[in-house]
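Encoded as structure tokens, the structure appears first; notes follow it.
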Amino acid sequence: MSIKKRWQFILSSLIRHRKHFMLSSIGIVTGIMAFSFFWALSAGVSQVVLGEIFPVKTLEVVPRSLGVNVGPIQLGLGADALTQKSVTAIQAVPNVTKVYPKMKVTTPMVGVGGKKYLGNDLQIEILAEGIDPGLVAGDVDSQFKFEATPVSAPLQSCKTDLQCGDNGYCYDAPNLSWRYQNLNPGFAYCRHYIPVLASQHLVEIFNGVVRRAHDFPKLNPQFVIGYDWDIILGSSVVRRSEASKKYHYKVRLVGFSDQAMWLGLTFPLPVVQKFNTLFHGAEAAQTFHSVTVKVDRKDQIAAVSQKIEQLGFDIKDSGAARASFIILVTTLVFLVISLIIVGVAAVNIMHVYFMLIYERQVEIGLMRALGAKRSDIRWVILGEAGLVGIMSGIVGVVLALLSSQVIDYISRYYVPDFPYKPSSYFVFDAGVVVTAVLLSVGFCMLGAYFPASRAAKVDPARVLTGQ
């Protein structure tokens, strides 16, 4: 039997027995729909959790220390900072491409601003750290630079901000700066804005929680780039923490970065070194609170972590590993349930084919008598199952896609905003569709294999003589 005749017979058989095939494919469609739905859901959740909340790109090394609990207070034992020697040792670990020291601002700081966008000025305590500008070079908006303000730049007198250019402002205060202590008070001088980076986490928390409590409008992250506000170094909303001397500056937001501090601002490292030197002396600029480590490849992260821990340091747990494991286990559970549904449907297809072969014995016997080989009969049955599998797979994927659209619609219009709320919880890529259809075809053909083998063994003489 030629290939053309085989397919003609397969199509005619599907049309004649379409009710049987439609009923037998319900289980396959249901299983494939569940399989596609949960796989796409897992991909979508992973994209948010591992791509935005816990981006797995680098390691953060912190000092190893022990703590002793004394009532509500924990007393730290051991080192609380890393030295330049520690940074050099970490850099020497195999497969480490670059290390970037980080330093916390160890003096209280208050930020004032926001009236332009929020209607009222906010005064809030600011947590901050300094980071090597090289780590975040790709996250800074193209119209700005993330670097320490040049200490050698001459200051000029001014009356308005326009006289100071795009990167400066007119400042009038008796104590201008920790960089220029000999200027005459009572005059206004141009100073550079200090560039800062923020984390998307901060925006998500503000838009999802803070704005609701204070009836503020929702912020567009890209629109606020370039926004500036005042900071007062040495001031605090906690009176006991205020320093005896205070310094006023203006900062400007120049971008958002995954490497920025989650709940605070990130300055260029030299700026924080200057800040800490002002209040704690020169030694404060030589100790770091953590080091960000880049490795050659992601699959080397585990080995590098082990080597660093052997040196006496700890790896800060970002939560990515646990989140990834929970997502993986949950996905596997739902995928196994989906496969069980498809497997049960394959058994149902096997029963349907056994029934159809019994009803079509005369037809099969006649085909054998007219010259059809056993392999022709077997491939006709398997071809029917394959086509049923393709159609069932496509229908299952389409139903999963429609279900995901319904859930996204409900979330978009009826679920309140929350941090990292995605526009869609699902990712339907080519891998999901192809795998789902191939899985459907495979299980359908598996269910039809034994009936096809039995049909191929039909004796045409016995069937046609009614024996």
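The values are calculated or read from the model by the stated rules, or taken from the named source; none is laboratory data. What you see is a predicted model, and the numbers here were worked out from it, not measured in a lab. Note: ideal-geometry Cβ built from the backbone for every residue, glycine included; neighbour counts use all protein chains shown.
If we keep just the residues of segment 372-419 that are among the acidic types (Asp, Glu) and closer than 30 Å to residue 201 by Cβ, which is surrounded by the most Cβ atoms within 10 Å (Cβ to Cβ)? Among residues in segment 372-419 that are among the acidic types (Asp, Glu) and closer than 30 Å to residue 201 by Cβ, the one surrounded by the most Cβ atoms within 10 Å (Cβ to Cβ) is 408.
Going through 135, 82 one at a time, which residue ends up being at pLDDT below 90, within 23 Å of residue 282 (Cα to Cα) and surrounded by 11 or more Cβ atoms within 10 Å (Cβ to Cβ)? Working first, answer last.
Numbers: 135 fails: within 23 Å of residue 282 (Cα to Cα).
Going through 135, 82 in turn, just one is at pLDDT below 90, within 23 Å of residue 282 (Cα to Cα) and surrounded by 11 or more Cβ atoms within 10 Å (Cβ to Cβ): 82.
Could you go through segment 189-200 and let me know if any residue there is surrounded by fewer than 21 Cβ atoms within 10 Å (Cβ to Cβ), within 21 Å of the chain's Cα centre (by Cα) and part of a helix (DSSP H, G or I). Looking through segment 189-200, at least one residue is surrounded by fewer than 21 Cβ atoms within 10 Å (Cβ to Cβ), within 21 Å of the chain's Cα centre (by Cα) and part of a helix (DSSP H, G or I).
Which ranges mark the helices (runs of 4 or more DSSP H) fully within segment 354-467 that have 1 or more residues being closer than 23 Å to residue 340 by Cα and at pLDDT 75 or above? Give the derivation first.
Numbers: elements: 361-369, 374-414, 430-456, 460-464.
Of the helices (runs of 4 or more DSSP H) lying wholly inside segment 354-467, those with at least 1 residues that are closer than 23 Å to residue 340 by Cα and at pLDDT 75 or above span 374-414, 430-456.
Tell me, please, whether a residue that is more than 25 Å from residue 277 (Cα to Cα), hydroxyl-bearing (Ser, Thr, Tyr) and either more than 31 Å from the chain's Cα centre (by Cα) or surrounded by 15 or more Cβ atoms within 10 Å (Cβ to Cβ) (or both) can be found in segment 145-161. Taking every residue of segment 145-161 in turn, at least one turns out to be more than 25 Å from residue 277 (Cα to Cα), hydroxyl-bearing (Ser, Thr, Tyr) and either more than 31 Å from the chain's Cα centre (by Cα) or surrounded by 15 or more Cβ atoms within 10 Å (Cβ to Cβ) (or both).
Quick test for you: out of 169, 100, pick the one residue that is in contact with a helix residue (DSSP H, G or I) (Cβ under 7 Å, 6 or more places away or on another chain), modelled with pLDDT of 75 or more and farther than 30 Å from residue 315 by Cα. The unique qualifying residue is 169. Of all residues in segment 201-215, those satisfying the criterion of being in contact (Cβ under 8 Å) with a residue 40 or more places away in the chain and either part of a loop (DSSP other than H, G, I, E, B) or surrounded by 15 or more Cβ atoms within 10 Å (Cβ to Cβ) (or both) are 201, 202, 203, 204, 205, 207, 208. Screening the candidates 151, 140 for the property of being of a type in the set (A, V, I, L, M, F, W, C) and at pLDDT 80 or above yields one hit, 140. Only residues that are modelled with pLDDT of 85 or more and over 17 Å from residue 390 (Cα atoms) were counted in segment 1-42, giving 6.
Of the numbered conditions (1) assigned to a loop (DSSP other than H, G, I, E, B); (2) within 39 Å of the chain's Cα centre (by Cα); (3) modelled with pLDDT under 85, residue 260 fails exactly one; give the number of that condition. With respect to (1) assigned to a loop (DSSP other than H, G, I, E, B); (2) within 39 Å of the chain's Cα centre (by Cα); (3) modelled with pLDDT under 85, residue 260 is out only on (3).
Between 218, 274, the distinction of being within 35 Å of the chain's Cα centre (by Cα), touching a residue at least 60 places away in the same chain (Cβ under 8 Å) and surrounded by fewer than 15 Cβ atoms within 10 Å (Cβ to Cβ) belongs to 218 only.
Answer with yes or no whether residue 110 is in a strand (DSSP E or B), β-branched (Val, Ile, Thr), surrounded by 15 or more Cβ atoms within 10 Å (Cβ to Cβ) and at pLDDT 80 or above. Show your work before the answer.
On the way: in a strand (DSSP E or B): yes; β-branched (Val, Ile, Thr): yes; surrounded by 15 or more Cβ atoms within 10 Å (Cβ to Cβ): yes; at pLDDT 80 or above: yes.
Considered against the rule, which asks whether it is in a strand (DSSP E or B), β-branched (Val, Ile, Thr), surrounded by 15 or more Cβ atoms within 10 Å (Cβ to Cβ) and at pLDDT 80 or above, residue 110 comes out as yes.
Scanning segment 235-256 for residues that are surrounded by fewer than 20 Cβ atoms within 10 Å (Cβ to Cβ) and among the small types (Gly, Ala, Ser) gives 236, 241, 243, 244. Within segment 277-300, being over 37 Å from the mean Cα position of the chain (by Cα) and loosely packed, with under 15 Cβ neighbours inside 10 Å holds for 280, 281, 282, 283.
Yes or no, residue by residue, for (1) in contact with a Gly (Cβ under 6 Å, 6 or more places away or on another chain); (2) assigned by TED's automatic domain parsing to the domain that holds residue 135:
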{"site": "264", "(1), (2)": "no, yes"}
{"site": "277", "(1), (2)": "no, yes"}
{"site": "282", "(1), (2)": "no, yes"}
{"site": "292", "(1), (2)": "no, yes"}
{"site": "297", "(1), (2)": "no, yes"}
{"site": "305", "(1), (2)": "no, yes"}
{"site": "330", "(1), (2)": "no, no"}
{"site": "337", "(1), (2)": "no, no"}
{"site": "342", "(1), (2)": "yes, no"}
